[in-house]
1. Only residues that are at pLDDT 70 or above and either part of a loop (DSSP other than H, G, I, E, B) or of a type in the set (D, E, K, R) (or both): list them for segment 173-184, please.
2. For segment 76-163, list the helices (runs of 4 or more DSSP H) that sit wholly inside it and hold at least 2 residues that are of a type in the set (Val, Ile, Thr); which are they?
3. Take segment 77-103 and flag every residue that is of a type in the set (Val, Ile, Thr) and either closer than 30 Å to ILE136 by Cβ or surrounded by fewer than 18 Cβ atoms within 10 Å (Cβ to Cβ) (or both).
4. Return yes or no: is ILE187 at pLDDT 80 or above, within 20 Å of the chain's Cα centre (by Cα) and closer than 17 Å to ILE91 by Cβ?
5. How many residues does segment 194-245 contain that are crowded, with 19+ Cβ neighbours inside 10 Å, in a loop (DSSP other than H, G, I, E, B), more than 17 Å from the chain's Cα centre (by Cα) and touching a residue at least 40 places away in the same chain (Cβ under 8 Å)?
6. Pick out the one residue from VAL146, VAL160 that is modelled with pLDDT of 90 or more and not hydroxyl-bearing (Ser, Thr, Tyr).
7. Considering each of VAL259, VAL181 in turn, give the residue that is exposed (fewer than 14 other Cβ atoms within 10 Å of the Cβ), closer than 17 Å to ILE98 by Cβ and in contact (Cβ under 8 Å) with a residue 60 or more places away in the chain.
8. Can you tell me which residues in segment 144-172 are exposed (fewer than 15 other Cβ atoms within 10 Å of the Cβ) and either at positive phi or not β-branched (Val, Ile, Thr) (or both)?
Amino acid sequence: MKNLRLGNMKNLRFVKSLIKMKLSHMMVFRLSFFGAFFVDGTVFFIQLLLFQAIYSQVDTIGGWSKGEMMIFIGTFSLINALNMIIFFFGINDLPDKIKNGGLDHYLTKPVSPLFRLTFENVNPGSVPLIFVSIGIILYGISLSKVSITLPQGIGYAGLVALMTLLWYDIQLILRCIPFFVISGTNITRTEELLELCMKVPGVLFKGAFKVLFYFILPYGLMATIPTQFLMKTISLSGILYGVVIVILFTGIAYGIWKVGLRNYKSSSS
């Protein structure tokens, strides 16, 4: 137990050092610091305007009111912001590191290679998007005219954290494919297409598409479950299903990573 606590403290100190180094580097190149926010923010507002245009013609989409949709938009934007801040830039280049032997550098260090890959490129440029997302969520709540209790808010935050972890799991699984194949050049392109499904309310998926995007590639859960929880339209079994999916995919992601490491051919070998 003592060794576990010491290991956790060591990892936290390591992350703190990485964040300090990253901030120092980014403040030298200030355009990089704010670039992520401007890009994500622009895409975010285009999506917002799109849904505003749709709701000017209809009252509901898949049974969801405009207020619910605003909460949904704010939720997937919040998850995306957390993704961009915490781990996206850390694991995004993993396929290239596997192919070019860059992973060797991580395997020779005393810190867990996955831990370092995940947190070495934290990017605070998307932090403002968190506040914008929260503003849209609050706007959606006001449109829906629902009262949100403190336990609901805490539960919603917990579900957002779980769904952010789920997105990390899927990204890691996809980026581990080059461990087992010669080329993984189309991974990013395929992932961009799949991630569009995260921006569609899960309630719109039916039949085979619901199986695909609720279980096999559960993008449909990520922003939908927290939104339903906040609007009190999800059952306890629905929440438990989401939690089980996160646990399942976390185990699969870590297992594939470990098998991939055993399959990895070092550039020095």
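1. Matches in segment 173-184: ARG175, CYS176, PHE180, VAL181.
2. Correct list: 127-144.
3. Of the residues in segment 77-103, the ones of a type in the set (Val, Ile, Thr) are 79, 85-86, 91, 98.
The answer is ILE79, ILE85, ILE86, ILE91.
4. no
5. Final tally of qualifying residues: 1.
6. VAL160 is the lone residue from the list that is modelled with pLDDT of 90 or more and not hydroxyl-bearing (Ser, Thr, Tyr).
7. Among VAL259, VAL181, only VAL259 is exposed (fewer than 14 other Cβ atoms within 10 Å of the Cβ), closer than 17 Å to ILE98 by Cβ and in contact (Cβ under 8 Å) with a residue 60 or more places away in the chain.
8. Applying the first criterion (exposed (fewer than 15 other Cβ atoms within 10 Å of the Cβ)) to segment 144-172 yields 145, 147, 149-151, 153-154, 157-158, 161.
Across segment 144-172, the qualifying residues are LYS145, SER147, LEU150, PRO151, GLY153, ALA157, GLY158, ALA161.
The values are calculated or read from the model by the stated rules, or taken from the named source; none is laboratory data. Because the structure is a prediction, the values reported are computed rather than measured. Because the Cβ atoms are built from the backbone with ideal geometry, glycine has one as well, and the counts that use them run over all protein chains shown.
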